[in-house]
Each structure stands twice: as structure tokens, then as C-alpha cells.
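Read the structure below first, then the notes.
The values are calculated or read from the model by the stated rules, or taken from the named source; none is laboratory data. Being a predicted model, the structure only gives us computed values, none of them experimental. Heads up, the Cβs are rebuilt from the backbone with ideal geometry, glycines too, and the neighbour counts pull from every protein chain shown. We work out accessible area using only protein heavy atoms, side chains counted, and drop any ligands, DNA or RNA first. Shrake-Rupley method; radii C 1.70, N 1.55, O 1.52, S 1.80 Å.
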Amino acid sequence: MAAALRIGVAGLGTVGTSVISMLAAKGSELERQCGRPIIPVAVSARTRNRDRGVDLSNVEWVSDPVELACSEDIDVFVELIGGEDGPALAAVKAALEAGKHVVTANKALLSKHGVELAAIAEKNGLLLNYEAAVAGGIPVIKTLREALAGNQVNRVFGILNGTCNYILTRMEAEGISFQDCLADAQRLGYAEADPTFDIEGHDTAHKLSILTSLAFGCEISADDIYMEGISNITPADIKAAANLGYRIKLLGVAQRTDTGIEQRVHPTMVPTASVIAQVHGVTNAVAIETDMLGELLLSGPGAGGDATASAVIGDLADIAKSRPGFQHGPVFGRPASELAPYKRARMRSHEGGYFIRLTVHDRIGVFASIANRMAENEISLESIVQHGDAAEIKTVIMVTHETTEQAVRSAVDGITGDGLLADKPQVIRIERAA
Ligand SMILES: NC(=O)c1ccc[n+]([C@@H]2O[C@H](COP(=O)([O-])OP(=O)(O)OC[C@H]3O[C@@H](n4cnc5c(N)ncnc54)[C@H](OP(=O)(O)O)[C@@H]3O)[C@@H](O)[C@H]2O)c1
């Protein structure tokens, strides 16, 4: 039997405690699978004397995660602290420089420093594994990096934030407002006290930036992601979408285009019959469209202690099974030095269908003016419907054929400038999905 793989775990919160308890529960099965035991020998967290519901009697306590990362007693440093800089970054860097493999669940860290950390890992012949960082328990990193070798990925998109999907699912099922759903999600522990990071799309953007690098062999560039959150979505939008055969999801989408790679996070209408439209509640899903495969969809739990620990343990098992001297594959699918600079496709060039909902003053000629603005911008309409019994205010709902973002923005700006609107216009992009 080979020597045990000795791990140091920094961060004993939701994920860290699940990793410790799952390693204890699954120890003998993992040992059979990997040919050696995986043993936590040391841990680090902020508060030492807290009962965390896991047995830490046989592990060393190290207050400083950087000291733990460099410890002679560990082979692998597991970073489960979180945060894009601070102790997580310092400790991961220190571990890689000290010759330790690293496993992390930290999308914020990788989104900002992934390429730099990958370069250190590769230079030192180490693994930097991060399956848990995107879509929790769903094995999407390995799928993109290993299972789809040789495929050309043309588009990757997904429901990457459980809080947003939970809110949109309940808004649709119960016809209630965004604010009421959010309050409920906070009460049930599905949303943070400060939910901005989730509902405005930042969390989705971090995860998308990592998927983009893997899918397209480019550097990570989270700052270049176009982002809109879900706080402007109303029950009226959801109802109108349903009437037209669509469901609204917050998607992160990365797509190869003629001018570069689009990266965008925004509420999206997907056909109700598509597989991704059936992903409800806190569940996550990632669709990958390739030349050889068509569209593949992976779905499952995107968060939660045990689901995330499953991905962390899978990463540890890979390290336990790797042989000394074995050349590990590159962290983002190709060597960090060979990742292409990210070439951004401008959002204004985005092509697709659009849903446009306008609340208009009911005056003579309004309909004709709207139609003129559409024609002027060469937008052809798949449908246009007018609703509203109230005398002065009507709702106009349009679905466009394929057009450009530039054309839609220009048409909507024109309509707004014409003084026809009684409320802010709503524009939601439509996404193809199998
Ligand atoms: N929760 C999920 O479902 C989930 C899913 C996917 C990925 N992730 C990622 O997994 C990571 C951990 O998330 P989590 O939910 O487990 O976080 P968490 O519950 O907030 O736990 C964070 C842990 O880090 C410790 N910590 C904070 N600052 C520290 C420092 N300076 N030195 C040592 N330890 C420190 C905390 O110590 P104390 O306990 O003493 O305060 C705590 O144990 C994050 O990167 C997150 O994005 C989480």
C-alpha cells in the first residue's frame, strides 16, 4: 500500500466540515479506489474553540493558513476559506511555491488569479484542482478539460447561481414579486443577508469566466463580462414569457463569434420545452455545445456542504491516484503560457431574438410609431401583441426575429425619446437551447 495522502484543510465552514466528515465516513472506500488513504492531518480556521460537529481530535490545529500551506506534514493544501485575495490567495500561492498540490472551491480567487496560480502550479509540476469552484457538485471542469478533448466548444451556458434560479422558479410558480421571493429565500437560508453578489450576477460571472477559459483556451477575463441581474424581472415578464412558450432563467453564456468571444450574464428567455428550462429551484445546470457532440447538459446540486465536498473529494482522489513523476495536465486545459489573450466580442454586436415589453400611453399613432422605430432599425417582428383594459395605458409585447443588440437598443431609445412610454421598457434576450 502506498503512503497516505496527507491533507491540510484551511476553512472549516459549510464545505470544510463536510469534507472532513465525508473523508471520515468514506475513508475505506476511497482507500480501495485510490490505493492509499486520504488523511486530514492539520486544519486551520479563524476560531479555534468552536464545536463544528466534526471530530478534529486527531488533527493538528494551525492558526495561520499560510503556515499550514507550507507545513512539511502535508502533501495537499485544501483551500476552503473563500475570498478573491487575502488569506486564500496568500495560502494557495505559498502552498504551490512550497511544492504542495492544491484543491480549492474558490471561484472568486480563480476568476481573479487563476492564470497566475496555474503558471506556478505547472512550473512546479503540481496539480491545482478546482472542480467545486463552478456549479458545486456538477463535474463540469473535468468534463470540459478531459472528457471533451478534441471537441471544439462553440458555446457554454448555464444556470450557475441557485439563489437566482430559486427566486425565478418561485416567481413563476406562485406569481409573486421579486422582492417577496427574495425575502423568503433569505428567511429559508437560500439567499445571503446582502444578496447583491448573487442577484446582480457577479457570482455567475465568476463561474462563467472559468468555464470560458476552459472552453475556449483563453485567459480568464471576468472584468469583460456583460452583466445584468434579475431584480428588474416582474411577474408580468414571467407571465408574458410563458404565454409565448418561454421561461426566464439567469444564464451565464460564453459563445464563440466571428469577432471574438461573448461573455454575458443576464436574464434570458429559453424555450419552455428545452431541457435547461426544466431546471428548477436551487439546482444548477451547464450546457456545452460542441462540434462533435451537439448540446450536452449536466445538471445537479450547485451548492451545499455535501455536494461541494463531493467535488473536493473527487479532486483529492485524482491527486491520490497520480503517480510520482507523472506529468499532470495543465490547469485550464492548455499550459498557462499558451492560453490566448481573451478577445472580447462587443455586446452591441450580439445577435439573437429579443422580447420587448413596453408600457405605452394609449394615443393615436402609438402603434405606428413603434413599428416605424423597429423598421428604421431593420428589426423584423415575429409577433406583436397589445394588452390592457385601462383606458390610458396599454402594454405592447414584441418578439423579434434574429437581430442585433445595437439595433434593439437604438429602436428602444428612439421609442423612449418619442415620449410614448409610461414606464421603463423591458428587454430580455432570447437564447437558443435544445
Ligand atoms: N457553501 C457552498 O455551498 C459552496 C459551494 C461551492 C463553492 N463554495 C466555495 O467554498 C469556499 C468555502 O465556502 P463556505 O461556504 O464553506 O464558507 P464559510 O462557511 O463561510 O467558511 C469559511 C471558513 O473559512 C475560515 N476562515 C476565514 N478567514 C480565515 C482565515 N484568515 N484563516 C483561516 N480560516 C479562515 C472560517 O473560519 P471560522 O469558521 O472560524 O469563522 C470558516 O471556517 C468559498 O470559496 C466558496 O465560494 C461554497
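In segment 44-75, the residue that is surrounded by the fewest Cβ atoms within 10 Å (Cβ to Cβ) out of those that are of a type outside the set (A, V, I, L, M, F, W, C) and touching a residue at least 60 places away in the same chain (Cβ under 8 Å) is Asp73. When the test is whether a residue is out of contact with any helix residue (DSSP H, G or I) (no Cβ under 7 Å at 6 or more places or on another chain) and under 20 Å from Val134 (Cα atoms), Asn151 does not pass it.
From the list Val360, Val427, the one residue that fits, being in contact (Cβ under 8 Å) with a residue 60 or more places away in the chain and touching a Lys or Arg at 6+ places or on another chain (Cβ under 7 Å), is Val360.
Just to verify a result, which residue in segment 60-80, among those that are of a type in the set (A, V, I, L, M, F, W, C) and away from the ligand (no atom under 13 Å from the Cβ), is nearest to Pro335 (Cα to Cα)? I'd like the intermediate steps shown before the answer.
Pass one, segment 60-80, residues of a type in the set (A, V, I, L, M, F, W, C): 61-62, 66, 68-70, 74, 76-78, 80.
Narrowing the set further to residues that are away from the ligand (no atom under 13 Å from the Cβ) leaves 70, 74, 76.
Working: Cys70: 25, Ile74: 26, Val76: 21 Å.
The extreme case among them is Val76.
Does at least one position in segment 205-216 carry a residue that is open to solvent by less than 20 Å² (accessible area, probe 1.4 Å), within 19 Å of Ala285 (Cα to Cα) and part of a loop (DSSP other than H, G, I, E, B)? So far as segment 205-216 goes, no, none of its residues is open to solvent by less than 20 Å² (accessible area, probe 1.4 Å), within 19 Å of Ala285 (Cα to Cα) and part of a loop (DSSP other than H, G, I, E, B).
Taking the criterion of being open to solvent by less than 90 Å² (accessible area, probe 1.4 Å) and assigned to a strand (DSSP E or B), would at least one residue in segment 331-340 satisfy it? Outline the logic, then answer.
The initial filter retains those residues of segment 331-340 that are open to solvent by less than 90 Å² (accessible area, probe 1.4 Å), namely 331-333, 335-336, 339-340.
Pick out the ones that are also assigned to a strand (DSSP E or B) and you get 340.
Yes, the conditions are met somewhere in segment 331-340.
For segment 81-119, filtered to residues that are outside any loop (DSSP other than H, G, I, E, B), out of contact with any strand residue (DSSP E or B) (no Cβ under 8 Å at 6 or more places or on another chain) and away from the ligand (no atom under 14 Å from the Cβ), the residue that is most open to solvent (accessible area, probe 1.4 Å) is Glu97.
Considering only segment 13-28, I want to know if a residue exists there that is more than 29 Å from the chain's Cα centre (by Cα), buried (at least 16 other Cβ atoms within 10 Å of the Cβ) and more than 16 Å from the ligand (Cβ to nearest atom). Scanning segment 13-28 turns up no residue that is more than 29 Å from the chain's Cα centre (by Cα), buried (at least 16 other Cβ atoms within 10 Å of the Cβ) and more than 16 Å from the ligand (Cβ to nearest atom).
Of the strands (runs of 3 or more DSSP E) entirely within segment 341-434, those holding at least 2 residues that are in contact with a strand residue (DSSP E or B) (Cβ under 8 Å, 6 or more places away or on another chain) and open to solvent by less than 50 Å² (accessible area, probe 1.4 Å) occupy 351-361, 393-400, 426-430. Among residues of segment 267-319 being away from the ligand (no atom under 14 Å from the Cβ) and at positive phi, the one that is most open to solvent (accessible area, probe 1.4 Å) is Gly294. Looking at segment 163-174, is at least one residue away from the ligand (no atom under 16 Å from the Cβ), at pLDDT below 95, open to solvent by 50 Å² or more (accessible area, probe 1.4 Å) and not acidic (Asp, Glu)? Looking for residues that are away from the ligand (no atom under 16 Å from the Cβ), at pLDDT below 95, open to solvent by 50 Å² or more (accessible area, probe 1.4 Å) and not acidic (Asp, Glu), one finds none in segment 163-174, hence no.
Restricting the first member to segment 135-159 and to residues that are at pLDDT 95 or above, and the second to residues that are of a type in the set (Lys, Arg) and open to solvent by 20 Å² or more (accessible area, probe 1.4 Å), the beta-carbon pairs closer than 9 Å and six or more apart or on different chains are Gln152/Arg256; Val153/Arg256; Asn154/Arg256; Arg155/Arg256; Arg155/Arg432.
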